[in-house]
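The values are calculated or read from the model by the stated rules, or taken from the named source; none is laboratory data. Worth saying up front: this structure is predicted, and the values here are computed from it rather than measured. Note that each Cβ is placed from the backbone with ideal geometry, even for glycine, and that neighbours are counted across all protein chains shown.
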Amino acid sequence: MKSIIKVSKTVEDAINEGLMELNVNKSDVEIEVIEEPSKGLFGIIGGKDAKVKITVIYDPVEVAENFIYKVLHSMQIKAECIVNKGVDNLTIDITDISSSDMGILIGKRGNTLDAIQYLLSLTINKSKENYIKVIVDIEGYRAKREETLIRLANKMAEKARYSRRLVKLEPMNPYERRIIHSALQNKSGITTYSEGDEPFRRVVIQSK
């Protein structure tokens, strides 16, 4: 387990500096106050700063790396993963992978990649108070998929406007449906809604 010792004017300042350096939440560490601050003689001479030891007992970055590499190993796929942690999110980029293995890992319309992301999110957030949003991507797939969906949305909107008929898209997961709705929410003369039950729920595009 990784530990650091921080010294600052107050215990709270020392803890906050340590959490920032380790890039973890307070709930992910064990804190030991080694020395309380003191003002010293007349509040001037011999004053001491606070000293605390902060030990990481749960590192979401490490958990994510272990999870992804186990999945890759079980699927007999050779690749690397880069994990970046934000304040309340975790982004995992899978890189250095062959095109054939990439297709396997992404799956039909990203279903396999979404399943991996969902399971990792459950693992990361198990018994945690502060929810961490988890995004698993592979060689920029999600950005490319979003561009494809936006183009599809605009094309189908024009079809709905021209034909004056409902246009029903293929079933999509909630994330992809949100992209379609968002792409068309300000499009004049067009409205969208979702119908059906998961996993067959789809977006319907309608001309007003």
Subject >> Tabulated pairs, segment 79-103, first in the same structural domain as Glu129 (by TED's automatic domain parsing) and of a type in the set (Gly, Ala, Ser), second assigned to a helix (DSSP H, G or I) and surrounded by 12 or more Cβ atoms within 10 Å (Cβ to Cβ), C-beta under 6 angstrom, 6+ apart or interchain >> reply: Ala79/Leu72
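How about segment 15-106: which strands (runs of 3 or more DSSP E) wholly inside it have at least 1 residues that are within 19 Å of the chain's Cα centre (by Cα) and of a type in the set (S, T, N, Q)? Walk me through how you get there before you give the answer.
Values: elements: 29-35, 50-56, 80-85, 89-95.
The qualifying strands (runs of 3 or more DSSP E) are 80-85, 89-95.
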**OP:** Look at Glu198 and say whether it is part of a loop (DSSP other than H, G, I, E, B), free of Cβ contacts under 8 Å to residues at least 60 places away in the same chain and either within 23 Å of Gln117 (Cα to Cα) or not basic (Lys, Arg) (or both).
**Re:** yes
**OP:** Please find, among Tyr193, Tyr131, the residue that is more than 17 Å from Leu113 (Cβ to Cβ) and in a strand (DSSP E or B).
**Re:** Tyr193
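If only one of Arg145, Arg151, Arg161 is assigned to a helix (DSSP H, G or I), modelled with pLDDT of 95 or more and not small (Gly, Ala, Ser), which one is it? Break it down into steps so the answer makes sense when it comes.
Numbers: Arg145 fails: modelled with pLDDT of 95 or more; Arg161 fails: modelled with pLDDT of 95 or more.
It is Arg151.
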Original post:
Do we have any residue at all in segment 116-124 that's in contact with a Ser or Thr (Cβ under 8 Å, 6 or more places away or on another chain) and either on the phi > 0 side of the Ramachandran plot or surrounded by fewer than 16 Cβ atoms within 10 Å (Cβ to Cβ) (or both)?
Top reply: no
**OP:** Pairs only if they're at least six apart or on different chains, beta carbon under 9 angstrom, first in segment 115-139 and without any contact (Cβ under 8 Å) to a residue 12 or more places away in the chain, second loosely packed, with under 13 Cβ neighbours inside 10 Å; list them, first residue then second.
**Re:** Asn125/Tyr131
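Just for segment 107-118: of the residues that are assigned to a helix (DSSP H, G or I) and touching a helix residue (DSSP H, G or I) at 6+ places or on another chain (Cβ under 8 Å), which one is nearest to Glu62 (Cα to Cα)?
Our first condition is that a residue be assigned to a helix (DSSP H, G or I); within segment 107-118, this holds for 108-118.
Imposing the further condition that a residue be touching a helix residue (DSSP H, G or I) at 6+ places or on another chain (Cβ under 8 Å) reduces the set to 109-110, 112-114, 116.
Values: Arg109: 28, Gly110: 25, Thr112: 22, Leu113: 20, Asp114: 20, Ile116: 16 Å.
If we take residues in segment 107-118 being assigned to a helix (DSSP H, G or I) and touching a helix residue (DSSP H, G or I) at 6+ places or on another chain (Cβ under 8 Å), then Ile116 is nearest to Glu62 (Cα to Cα).
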Subject >> Residue list for segment 149-187, filter: within 23 Å of Ile116 (Cβ to Cβ), among the basic types (Lys, Arg) and surrounded by fewer than 17 Cβ atoms within 10 Å (Cβ to Cβ) >> reply: Arg178
Subject >> Of residues in segment 45-83 being under 19 Å from Ile31 (Cα atoms) and of a type outside the set (D, E, K, R), the one surrounded by the fewest Cβ atoms within 10 Å (Cβ to Cβ) >> reply: Ile57
Original post:
Could you say which residue among Ser8, Ser100 is out of contact with any Lys or Arg (no Cβ under 7 Å at 6 or more places or on another chain), within 30 Å of Pro174 (Cα to Cα) and either polar (S, T, N, Q) or surrounded by 17 or more Cβ atoms within 10 Å (Cβ to Cβ) (or both)?
Top reply: Ser100
